[in-house]
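Following: one structure in structure tokens, then a few remarks.
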Amino acid sequence: MERLTDIMGIGVGPFNLSIAALLEQVPSLTSCFLEHKKEFIWHEGLMLPNTYMQTSYLKDLVTAVAPESPYSFIAYLVRNKKFYRFLNTEQKTITRAEFSDYLSWASKQLTNVKFSQTVEQIEFVDDRFIVTTNQGQYQTKHICLGTGKSPYIPTEIKPYLGDNCFHASEIGLRNIDLTGKRVVLVGGGQTGADVFLNALRGNWGQPAQLDWLSRRANFQALDEAAFSNEYFMPRYVEQFYHLDEAVKQQEIRAQKLTSDGITSEALLAIYQELYDKFEVQKQRKWVRLLPHRTVNAMSNTTNGFKLMANNTLTGKEEHYAATVVILATGFESKIPNCIKALTPMLDLSEGGLLQLDPNFRVKWSGGQDNHIYAVNAGLDSHGIADPQLSLMAWRSAKIINDLLPVPAFDLFENEHVIQWTNDDSEHDCEPASAAQSVNEGIAEKTLSMA
Ligand SMILES: Cc1cc2nc3c(=O)[nH]c(=O)nc-3n(C[C@H](O)[C@H](O)[C@H](O)COP(=O)(O)OP(=O)(O)OC[C@H]3O[C@@H](n4cnc5c(N)ncnc54)[C@H](O)[C@@H]3O)c2cc1C
């Protein structure tokens, strides 16, 4: 058995990698991060040509809390001798391929990350966690779960999964050929858009028919407006945590397009491609875009499948024939199998999910001095930013600070004029004296100018 470490990360996606990178500058804590894959690769199955990040490259592993870290995206550009050329490209966002390369570059330098380690079981014995992998056993005081999300497959489609019906997250791992096939793509978010554009461009062969169904009211854009981006700020998340549960759910629904919409660039690329194919080249109309369709049943046919969808505009049921069904139906949170032994000690939500405290500690009744942290598990508690990269570095710093007697990272923020709740401000809602003096100031100036 390996030596006792302070914290062990289970799974190394970007979120736990960020913690691993920041921990390098905290020598008082020992750490080890275990990843099942042989090397770092980010959402390999969805690494499609010309797919771009939804977030700025400055929202990297470390910059937001430790701009001096050697693991920033800027450091990656400099160390890989492409800084000036990168600037010349004038990109606001980078490709997913480059982001993955950056993360892989960082992972190779970190001494606290171990690959080819599948965590099979985690038990709590006396005052420590015993972590069993395919390679051996480890012991640690605290763990941080970072195993990501699982592809979401609607129940009515599950029985049909196979070679010709699969989740989009596998598309890059399969050797698919859509030539001459009737393809139905389900799901109108960013992944649906990325798959649609690639299929439209014939990157997997020329389909006979391509139908894109979405239950959304239209092919809706990512809301990236300045004020919408306030939801991706530490201050907002900290206040969100304390809202009433019903209000939280209502806000998460209302804010959906700030993270789940399609980038304007992808929408425009699709629109332009459609224009070129059907208005300029005058191709046969082999594509249909079908918003307001909720798939509610599926069946086998002699040639493939039939999908039944409700058109929420007309209330009528419609049928779609398919030889291939691709599901861009998103991802869901699940409790990782490796923590089954801990389940009796976990304080789970009504929906059977982990519950987190403000510092991302999982609520449980095991050792008081042993913490389970979880990243990408706090949508319901911490809001819409939790599954996104925007606050990754901040959350990592918060977790590390929580482990230390004295915080290693300064997370203090200046007060902002946007006040989500009254608790947001130390002042009253109407600071009479301050308002008065501002007005007086203006009056004085006006008088002197006159
Ligand atoms: C295609 C795609 C694009 C996205 N683009 C953006 C974007 O542009 N901006 C943004 O803000 N967000 C984006 N997201 C959302 C989010 O940022 C990513 O999903 C991110 O990868 C989540 O990181 P993670 O570390 O939680 O999980 P993951 O990246 O899923 O990593 C989890 C890791 O855990 C490992 N693992 C699982 N079980 C075990 C085990 N038992 N033992 C060992 N290892 C294990 C897996 O192999 C995996 O490497 C995107 C999501 C997807 C799917």
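Quick one: is Thr93 at pLDDT below 95 and of a type in the set (Ser, Thr, Tyr)? Step through it out loud before you land on a result.
Working: at pLDDT below 95: yes; of a type in the set (Ser, Thr, Tyr): yes.
Considered against the rule, which asks whether it is at pLDDT below 95 and of a type in the set (Ser, Thr, Tyr), Thr93 comes out as yes.
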Within the stretch 381-408, work out how many residues are farther than 15 Å from Tyr231 by Cβ, open to solvent by 20 Å² or more (accessible area, probe 1.4 Å) and either in contact with a Cys (Cβ under 6 Å, 6 or more places away or on another chain) or of a type outside the set (Gly, Ala, Ser) (or both).
8
Answer yes if at least one residue in the stretch 284-304 is at pLDDT below 95 and of a type outside the set (Ser, Thr, Tyr), and no otherwise.
yes
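If you check Leu274, Leu243, Leu267, which single one turns out to be of a type outside the set (D, E, K, R), part of a loop (DSSP other than H, G, I, E, B) and surrounded by 13 or more Cβ atoms within 10 Å (Cβ to Cβ)? Quick ask: steps written out before the conclusion?
On the way: Leu274 fails: part of a loop (DSSP other than H, G, I, E, B); Leu267 fails: part of a loop (DSSP other than H, G, I, E, B).
From the options Leu274, Leu243, Leu267, the qualifying one is Leu243.
This table checks each residue for (1) exposed (fewer than 14 other Cβ atoms within 10 Å of the Cβ); (2) not in a loop (DSSP other than H, G, I, E, B).
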position: Tyr71; (1), (2): no, no
position: Phe99; (1), (2): no, yes
position: Trp105; (1), (2): no, yes
position: Thr111; (1), (2): yes, no
position: Ile130; (1), (2): no, yes
position: Gln139; (1), (2): no, yes
position: Ile153; (1), (2): no, no
position: Phe166; (1), (2): no, yes
position: Asp177; (1), (2): yes, no
Which numbered condition Leu29 misses (of (1) open to solvent by 60 Å² or more (accessible area, probe 1.4 Å); (2) more than 30 Å from Asn203 (Cβ to Cβ))
(1)
Condition check for Thr302: touching a His at 6+ places or on another chain (Cβ under 9 Å) and in a loop (DSSP other than H, G, I, E, B):
no
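Which is more than 23 Å from the chain's Cα centre (by Cα) and free of Cβ contacts under 8 Å to residues at least 24 places away in the same chain, of Asp163, Asp177?
On the way: Asp177 fails: free of Cβ contacts under 8 Å to residues at least 24 places away in the same chain.
Testing whether each residue is more than 23 Å from the chain's Cα centre (by Cα) and free of Cβ contacts under 8 Å to residues at least 24 places away in the same chain leaves just Asp163.
From the list Ser333, Ser349, exactly one residue is touching a residue at least 24 places away in the same chain (Cβ under 8 Å), polar (S, T, N, Q), out of contact with any His (no Cβ under 8 Å at 6 or more places or on another chain) and farther than 26 Å from Gln190 by Cβ. Which is it?
Working: Ser333 fails: farther than 26 Å from Gln190 by Cβ.
When all the criteria are applied, what remains is Ser349.
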Filtering the stretch 1-13 for residues that are closer than 16 Å to Trp105 by Cβ and either acidic (Asp, Glu) or crowded, with 24+ Cβ neighbours inside 10 Å (or both) leaves a count of 1
Return the total of residues in the stretch 179-217 being closer than 26 Å to Met308 by Cβ, open to solvent by 20 Å² or more (accessible area, probe 1.4 Å) and not small (Gly, Ala, Ser).
8
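In the set Glu24, Glu35, Glu44, Glu90, which member is of a type in the set (Asp, Glu), within 10 Å of the ligand (Cβ to nearest atom) and open to solvent by 30 Å² or more (accessible area, probe 1.4 Å)? Show your work before the answer.
Details: Glu24 fails: within 10 Å of the ligand (Cβ to nearest atom); Glu35 fails: open to solvent by 30 Å² or more (accessible area, probe 1.4 Å); Glu90 fails: within 10 Å of the ligand (Cβ to nearest atom).
It is Glu44.
Answer yes or no as to whether Lys81 is part of a loop (DSSP other than H, G, I, E, B), open to solvent by 50 Å² or more (accessible area, probe 1.4 Å), more than 24 Å from His371 (Cβ to Cβ) and within 13 Å of the ligand (Cβ to nearest atom).
On the way: part of a loop (DSSP other than H, G, I, E, B): yes; open to solvent by 50 Å² or more (accessible area, probe 1.4 Å): yes; more than 24 Å from His371 (Cβ to Cβ): yes; within 13 Å of the ligand (Cβ to nearest atom): no.
So Lys81 fails the test.
Considering only the stretch 284-301, how many residues are over 18 Å from Leu178 (Cα atoms) and surrounded by fewer than 17 Cβ atoms within 10 Å (Cβ to Cβ)?
Initially, the stretch 284-301 is screened for residues over 18 Å from Leu178 (Cα atoms), giving 290-301.
Subsequent filtering for residues that are surrounded by fewer than 17 Cβ atoms within 10 Å (Cβ to Cβ) retains 294, 296-297, 299-301.
Total meeting the criteria: 6.
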Failed condition for Ala75, given (1) among the small types (Gly, Ala, Ser); (2) more than 12 Å from the ligand (Cβ to nearest atom); (3) part of a loop (DSSP other than H, G, I, E, B):
(3)
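Taking the residues in the stretch 141-151 that are assigned to a strand (DSSP E or B) and open to solvent by less than 70 Å² (accessible area, probe 1.4 Å) as candidates, determine which candidate is nearest to Ser396 (Cα to Cα).
Taking the stretch 141-151 first, the residues assigned to a strand (DSSP E or B) are 141-145, 150-151.
Next, only the ones that are open to solvent by less than 70 Å² (accessible area, probe 1.4 Å) stay: 142-145, 150-151.
Values: His142: 14, Ile143: 13, Cys144: 10, Leu145: 12, Ser150: 22, Pro151: 24 Å.
Going through the qualifying residues, I end up with Cys144.
The values are calculated or read from the model by the stated rules, or taken from the named source; none is laboratory data. Source: prediction; values computed, not measured. Every residue, glycine as well, gets a Cβ built from its backbone with ideal geometry; the counts of neighbours run over all protein chains shown. Surface accessibility is based on the protein's heavy atoms, side chains included, excluding ligands, DNA and RNA. Shrake-Rupley method; radii C 1.70, N 1.55, O 1.52, S 1.80 Å.
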